[in-house]
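Here's the structure we're looking at; comments come further down.
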Amino acid sequence: MASEELWLHGAVADELQDLVLESADVEDFLRELSRFAADTLSRPGRPVVCGVTVTRRKKPAATAASDPEAFAMDEIQNAAGDGPCLAAMRDLKTVYVRDLARDRQWTTFSEAAARRGYLSILGVPVELEDQTRAALNLYAEDASAFSPDDILQAESFARQASKALRLALRIGGLHDARDDLIAAMASRTVIDMAIGAIMAQSRCSPEKAFALLKDASNTRNTKLRDVARSVIESIGGTADMPTRFDV
């Protein structure tokens, strides 16, 4: 194992694992990760603030930061659609801007960051899976604030963080799938109740009752679930019935 990576193992790796176990959701994990990164990668005389940005397919970008200033600067990049950290995330290469006051590549972002008192930025990609991308965004007040050793340490931290972040995202995906299943079963329950009500009132088959629901949904340009809910409520029942799915 390379000497620049030795410092990350042990207590730091354990802390990253604890963050996964103790976080309520992905957003909570990202927030705690950004704070831990800022604490770990700061050094005497050169504090840093940290933002973390994650992009996932079919989901809005998730942004968290160690303090409001880092969050605001990450949001400026996201709004502009480009910047050092977004470039690092896109190209999977570390991007270091030594002096934002002199930067001409990302002028909108660089000028805004410099006005806030930050002159150096280090964007470090966090390698993940599939089409998911992430980056650590480290900001320092002085120009040329990151030494070659600082950059190596930040890259080593990102490699360790990638394992924890992949796990947090997988757990978050399982939670999302569970919530989607619960919602789907609740919707199915309401529709089945409405079909039963229509069958009782119209003395028709289940197929005919379902066809009537679909026709009403198409005519009103309303979701089938909402039409079914209105049928149940119109006969004095309640559509808020529990599903047979215990979580």
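The values are calculated or read from the model by the stated rules, or taken from the named source; none is laboratory data. Predicted model, so just to flag it, every value in this text is computed and none were measured. Cβ sites come from the backbone with ideal geometry, for glycine too, and all protein chains shown count toward neighbours.
With the requirement that a residue be closer than 14 Å to LEU119 by Cβ and in contact with a Lys or Arg (Cβ under 9 Å, 6 or more places away or on another chain), what does the stretch 129-154 give you?
Applying the first criterion (closer than 14 Å to LEU119 by Cβ) to the stretch 129-154 yields 138-146.
Hits for the stretch 129-154 are TYR139, ALA140, GLU141, ASP142, ALA143, SER144, ALA145, PHE146.
For the stretch 118-150, a residue qualifies if it is surrounded by fewer than 16 Cβ atoms within 10 Å (Cβ to Cβ) and of a type in the set (Ser, Thr, Tyr), and the qualifying residues are SER144, SER147.
Conditions tested, residue by residue: (1) closer than 16 Å to LEU167 by Cα; (2) of a type in the set (Phe, Trp, Tyr); (3) assigned to a loop (DSSP other than H, G, I, E, B).
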| position | (1), (2), (3) |
| --- | --- |
| VAL20 | yes, no, no |
| ARG31 | yes, no, no |
| CYS50 | no, no, no |
| GLU69 | no, no, no |
| ALA72 | no, no, no |
| ALA79 | no, no, no |
| LEU100 | no, no, yes |
| ASP103 | no, no, yes |
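Please go through the stretch 86-117 and pick out each residue that is modelled with pLDDT under 90, β-branched (Val, Ile, Thr) and surrounded by 12 or more Cβ atoms within 10 Å (Cβ to Cβ). The answer is THR108, and nothing else. For the stretch 52-77, a residue qualifies if it is surrounded by fewer than 18 Cβ atoms within 10 Å (Cβ to Cβ), more than 20 Å from ARG35 (Cα to Cα) and either of a type in the set (Phe, Trp, Tyr) or touching a residue at least 12 places away in the same chain (Cβ under 8 Å) (or both), and exactly one does: ARG57.
Quick one: in the stretch 118-133, which of the residues that are in a loop (DSSP other than H, G, I, E, B) and hydrophobic (A, V, I, L, M, F, W, C) is farthest from PRO47 (Cα to Cα)? Even if it seems obvious, please write down each step before you answer.
Taking the stretch 118-133 as the starting set, the residues that turn out to be in a loop (DSSP other than H, G, I, E, B) are 118-119, 127-132.
With the extra rule that they be hydrophobic (A, V, I, L, M, F, W, C), the set shrinks to 119, 128.
Details: LEU119: 13, LEU128: 27 Å.
Among those that are in a loop (DSSP other than H, G, I, E, B) and hydrophobic (A, V, I, L, M, F, W, C), it is LEU128.
Sub-6 Å Cβ pairs linking a first residue in the stretch 112-129 that is assigned by TED's automatic domain parsing to the domain that holds GLU75 and within 15 Å of CYS85 (Cβ to Cβ) to a second residue that is of a type in the set (S, T, N, Q) and in a helix (DSSP H, G or I), at least 6 apart or interchain, are VAL126/SER162; GLU127/SER162, ordered by first then second residue. Of the candidates ALA87, ALA65, the single residue that is touching a Ser or Thr at 6+ places or on another chain (Cβ under 7 Å) and assigned by TED's automatic domain parsing to the domain that holds LEU152 is ALA65.
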